[in-house]
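J.: Take this structure, written in structure tokens, and hold onto it; I'll ask about it next.
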Amino acid sequence: MTQNIEKGKVVGFAYHLRNNQGETLDESQEPMEYLHGYMNIIPGLEKEMEGLTIGDKKTVVVPPADAYGEYDEKLVYQVPRTNFPPDEDLVPGMQFRAETEDGSVSLFVQEIMGENVVMNGNHPLAGETLNFDVEVHSIREATSEELEHGHAHGPGGHNH
Ligand SMILES: [Zn+2]
């Protein structure tokens with residue numbers, strides 16, 4: 001029986017991700033499994049996976065709004081170096097979580113400028129159009145435990 005990707009299926013797929021300049025941003029080393037229809041992958045990609053079957057290959061272009069959002073200059077700001085523990089070795093790209101009135105947000109260090117640290121609250125891939133080459137390797141029914149948790153479990157079951 002041919003299976004097609006729909007809500008509640010666990011899908012194994014390989015992907016190669018490039019930006020609009022053709023640079024590789026990410027690539028799966030081995031097929032990765034996710035539970036379809038539960039927002040476990042970016043919405044713009046999940047929508048295009050719908051209906052595919054094993055062996056299908058597809059190029060999916062996801063605009064920033066359906067990926068990691070538009071780049072927001074307002075999320076870039078400077079904080080004094082003294083806000084960080086003195087023994088923290090700050091390097092660009094380091095990620096931090098900060099508690100705000102809107103909840104917990106992820107920030108990364110963009111640059112160290114003298115006594116100040118430039119923090120960026122954009123996702124590192126914000127503003128990027130994502131170009132995925134995907135290939136579907138497997139499709140199976142999710143277990144009831146997976147459906148309950150809303151995500152796929154690897155071989156050997158629940159391991160998180
Ligand atoms: Zn789980």
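The values are calculated or read from the model by the stated rules, or taken from the named source; none is laboratory data. As the structure is a prediction and not an experimental result, all values here were calculated from the model. When we count neighbours, we look across all protein chains shown, and the Cβ atoms used for this are built from the backbone with ideal geometry, even at glycine. SASA here: full protein model, heavy atoms, side chains in, ligands and nucleic acids out. Shrake-Rupley method; radii C 1.70, N 1.55, O 1.52, S 1.80 Å.
J.: Glu46 is checked against (1) surrounded by 14 or more Cβ atoms within 10 Å (Cβ to Cβ); (2) part of a loop (DSSP other than H, G, I, E, B); (3) without any contact (Cβ under 8 Å) to a residue 12 or more places away in the chain; (4) more than 16 Å from the ligand (Cβ to nearest atom) and fails just one. What number does that condition carry?
T.: (2)
J.: Next question, about the same structure. Take the residues in region 64-82 that are open to solvent by less than 60 Å² (accessible area, probe 1.4 Å) and in contact with a helix residue (DSSP H, G or I) (Cβ under 7 Å, 6 or more places away or on another chain), then tell me which one is nearest to Lys47 (Cα to Cα).
T.: Asp66
J.: Moving on to the next point. Residues in region 11-20: is at least one under 15 Å from Ala126 (Cα atoms) and polar (S, T, N, Q)?
T.: Within region 11-20, one or more residues are under 15 Å from Ala126 (Cα atoms) and polar (S, T, N, Q).
J.: Go through region 49-82 residue by residue and tally those that are of a type in the set (Asp, Glu) and either more than 23 Å from Leu130 (Cβ to Cβ) or free of Cβ contacts under 8 Å to residues at least 24 places away in the same chain (or both).
T.: Count: 1.
J.: Right, something else. For region 122-154: of the residues being within 11 Å of the ligand (Cβ to nearest atom) and outside any loop (DSSP other than H, G, I, E, B), which is surrounded by the most Cβ atoms within 10 Å (Cβ to Cβ)?
T.: For region 122-154, the residue satisfying everything is Glu146.
J.: A further question on this structure: Among (1) away from the ligand (no atom under 16 Å from the Cβ); (2) in the same structural domain as Lys58 (by TED's automatic domain parsing), there is one condition Leu107 misses while meeting the rest; what is its number?
T.: (2)
J.: To continue, here is another question. Tally the residues that are in contact with a Gly (Cβ under 8 Å, 6 or more places away or on another chain) and open to solvent by 40 Å² or more (accessible area, probe 1.4 Å), restricting the search to region 90-107.
T.: 2
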